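Participant: Below you'll find the structure I mean.
The values are calculated or read from the model by the stated rules, or taken from the named source; none is laboratory data. Source: prediction; values computed, not measured. Glycine also receives a Cβ, built like all others from the backbone with ideal geometry; neighbour counts cover every protein chain displayed. Note: accessible area is taken over every heavy atom of the protein model, side chains too, but ligands, DNA and RNA are not part of it. Shrake-Rupley method; radii C 1.70, N 1.55, O 1.52, S 1.80 Å.
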Amino acid sequence: EGDTIHIGFSQAMSDDDWRRSMNDAMELQASLNPNIDLTIRDANYEVQRQIEQIEAFIADSLDILIVSPIQSKPITPVVERALDAGIPVIVVDRKTENEKYTAYLGADNIEVGRNAAKKIISSNAKDSIRIVEIRGMAGSSPAEERSLGFAQIINSYKNAVIVQQIQGDWEKESIQGQFRELLQKNSKIEYVFAHNDRMIRGAWEVARDLGLESTIHFIGVDGLNSPDGGIRMVEDGMLKATVLYPTGGEEAIKLALKILNGESVPKNNILTTTIIDEVNAEIMKNQFDKINEQQEEIENQLVAIKQQEELYYSQNNLLKITMAL
Ligand code: FRU
């Protein structure tokens, strides 16, 4: 018990495929080390709940805390309290307001925005490109940073202009009404960039209802390899592209162990992002399929080891009983 490593993960929410795959990757990586005790608490997108769950983690005297903050500002003080209590903190995917954490792990979201913009600039020769940007939840760092990177590139091209921004909350329901109204007033749009694939799917559905889906190009972010994920949408021709946003679940556990080992780690641990379009969608899919197969194999092996251990213990007990008789 003295050797047990207590890792707590405060997850913003667990109700979408991206976050589920993040949790799964963490659990799998943690299960490879029998000393790790990983607890995931799901804040269900309620800020107050996330604060309380982190407080509870602090009171449990955790060895290390991993947090994906719903929004930057309100989660900043409680992350500072964890640090003050001597608990190292890794922020994953989303950051707090200041740099008071041990390390950040995730893709560079400014680059995510830039990648989306570069795709638009490079694949359209028209003299005027009108773009609608659909933003993720206000105050959550990936939304702010994706917007920043996107604007940097778009604004440096005089032919491209962001004609309107729509404020979403990462889910498609938050943007569909607004996008429908926008299209009904002005359908002369060449591109829609949404900060994630769930919202871009929502935008595409609205355009399809209005018969406009083939006149507009759609770009999202995440690039999940799931039946309704971004890679599939690119393959199906719904999206011009999506920008890969890896979850970092596996890497977060590895980074946690390094920190607990006293190794010095970079403040920013940046995961690779890249454009997924018709050129490489299939390659990406095959790569991810392979990784999934390997993960499944590892899971099966872990189950087999457990079964053998149980068999060993029960035989051992039987032996003890027999000897006692
Ligand atoms: C998942 C998600 C992703 C997005 C990320 C940003 O909950 O909404 O779609 O890329 O969070 O933090």
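Participant: With all distinct Cα pairs included, what does the Kirkwood hydrodynamic radius of the range 63-110 come out to in Å, to one decimal, could you say?
Facilitator: About 10.6 Å for the range 63-110.
Participant: Same structure again: With a bin width of 10 angstrom, please list the P(r) values of the range 74-212 as percents of all Cα-Cα pairs, from the 0 bin to the one holding the largest distance.
Facilitator: Bin by bin from 0 Å, the calculated values are 12, 36, 30, 14, 7, 1.
Participant: What nm distance separates the two modelled labels at residue 44 and residue 14, each placed 7 Å from Cα along Cα→Cβ?
Facilitator: Label at residue 44, label at residue 14, 1.2 nm between them.
Participant: With +1 on each Lys and Arg Cβ and -1 on each Asp and Glu Cβ, and nothing else charged, work out how big the dipole of the chain is about its Cα centre, in Debye to the nearest 20.
Facilitator: 1220 debye
Participant: Note the angle between two axes, namely the Cα long axis of helix 141-154 and the longest principal axis of the Cα atoms of the chain, as a number of degrees from 0 to 90, rounded to the nearest 10.
Facilitator: The helix 141-154 is inclined about 40 degrees to the chain.
Participant: Would you mind checking which residues have amide H under 5 Å from residue 40's amide H? H placed 1.01 Å from N; only 5 or more apart, or other chain.
Facilitator: Long-range HN contacts for residue 40: 9.
Participant: Could you sort 323, 233 by accessible area so the largest value comes first, with the probe set to 1.4 Å?
Facilitator: If we order 323, 233 from most to least accessible, we get 323, 233.
Participant: How much of the calculated P(r) for the chain lies past 27 Å, in percent of all Cα pairs?
Facilitator: 49 percent
Participant: Which of 231, 105, 139 sits closest to the plus end of the dipole of the chain, meaning its Cα is farthest towards the positive end, when Lys and Arg get +1 and Asp and Glu get -1 on the C-beta?
Facilitator: 139
Participant: So, one more: Say each of residue 295 and residue 60 gets a label point 7 Å from the Cα, pointing the same way as Cα to Cβ; how far apart are those two points in nm?
Facilitator: Between residue 295 and residue 60, the simple spin-label model gives 2.2 nm.
Participant: Would you mind checking the tilt of helix 197-209 against the longest principal axis of the Cα atoms of the chain, expressed as 0 to 90 degrees and rounded to 10?
Facilitator: 40 degrees
Participant: Below 27 Å, Cα to Cα, which lysines can residue 100 reach? Residues fewer than 8 away in the same chain don't count.
Facilitator: 73, 254, 258, 267
Participant: Sticking with this structure for a sec: Per residue of the chain, what 222 nm ellipticity follows from adding -39500 (n - 2.57) for every DSSP H run with n ≥ 4, rounded to the nearest 500?
Facilitator: Rounded to the nearest 500, it is -16000 deg cm²/dmol.
Participant: Quick one: if the Förster radius is 51 Å, what FRET efficiency do residue 260 and residue 321 give, using the C-beta to C-beta distance and rounding to 0.05?
Facilitator: That gives a FRET efficiency of 0.80.
Participant: To two decimal places, what compactness ratio does the range 217-325 give when its Cα radius of gyration is scaled by 2.2 N^0.38 Å?
Facilitator: The range 217-325 yields a ratio of 1.70.
Participant: If you average 1/r over every pair of different alpha-carbon atoms in the range 95-155 and take one over that average, what Kirkwood value in Å do you get?
Facilitator: Taking the inverse mean of 1/r over all distinct Cα pairs, the range 95-155 comes out at 12.8 Å.
Participant: Roughly how tilted is helix 173-185, in degrees to the nearest 10 and between 0 and 90, from the longest Cα axis of the chain?
Facilitator: Helix 173-185 sits roughly 10 degrees off the main axis of the chain.
Participant: Still on this structure: To the nearest 10 square angstrom, what accessible area does residue 188 show with a 1.4 Å probe?
Facilitator: So the heavy atoms of residue 188 present about 130 Å² to solvent.
Participant: Still on this structure, I have one more. With only alpha-carbon pairs counted, each pair once and no self-pairs, how large is the Kirkwood hydrodynamic radius of the range 134-219 in angstroms?
Facilitator: 13.1 Å
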